[in-house]
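I have placed the structure first, in the form of structure tokens, so that the comments after it can refer back to it.
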Amino acid sequence: MKKVLISALLMPAMVAIFFAACGGPSSPAEIEMSIWKQVKAGNYEKAVTIWFDNSVKAEEPDKEELKAGIKEFSGKMEASIKKKGGGIKDVKMLEETISEDGNSAKVICEITYNDGSIDKQTGKYVKVDGVWKIDPKMK
């Protein structure tokens, strides 16, 4: 009886963990931090891929154009970071602000580079069909 009760109590938690793990980042802050985590690790193409995958798109991009774009943007990102000591020392989430209507958000991160310089980066998000998306055009 104890085994059945324990199983009945643990099953919903296990299912929730499974879906949370498979679903990827679900909040603007999680998306932003997943990008910066890849940048910090030097995985620039992965960071740019996460950015593209989580961005508002007017239309579905051509796969070859997308590959070329990812390569180009990751190269620019890497060059920019090399100018600041060659890497990122730390990334801190400073703020996640979700609008009252729940359809837009702003995320502010503080990036500390290996040379000691610090930048604040702001990500802007909108909800599209119930999913948070980066909106690079949002002001």
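A few comments on the model shown:
- Links that overshoot a 31 Å alpha carbon limit, given the list Lys63/Lys92; Lys76/Lys137; Lys82/Lys106: Lys63/Lys92
- Each residue of the stretch 52-60 is assigned a 3J(HN,Hα), and the resulting list reads 4, 5, 10, 9, 5, 10, 5, 8, 5 Hz, derived from the Karplus form 6.51 cos²θ - 1.76 cosθ + 1.60 (θ = phi - 60°), x at Gly and Pro.
- Spin-label pair Lys92/Glu60, simplified geometry with 7 Å Cα→Cβ offset, distance in nm: 4.3
- Span from the the stretch 101-139 Cα centroid across to the the stretch 45-61 one, whole angstrom: 14
A short reminder: the numbers here are calculations on the coordinates, not readings from a lab. This is a predicted model, so every value here is computed, not measured. As a convention, Cβ positions derive from the backbone with ideal geometry for all residues, glycine included, and neighbour counts pool all protein chains shown.
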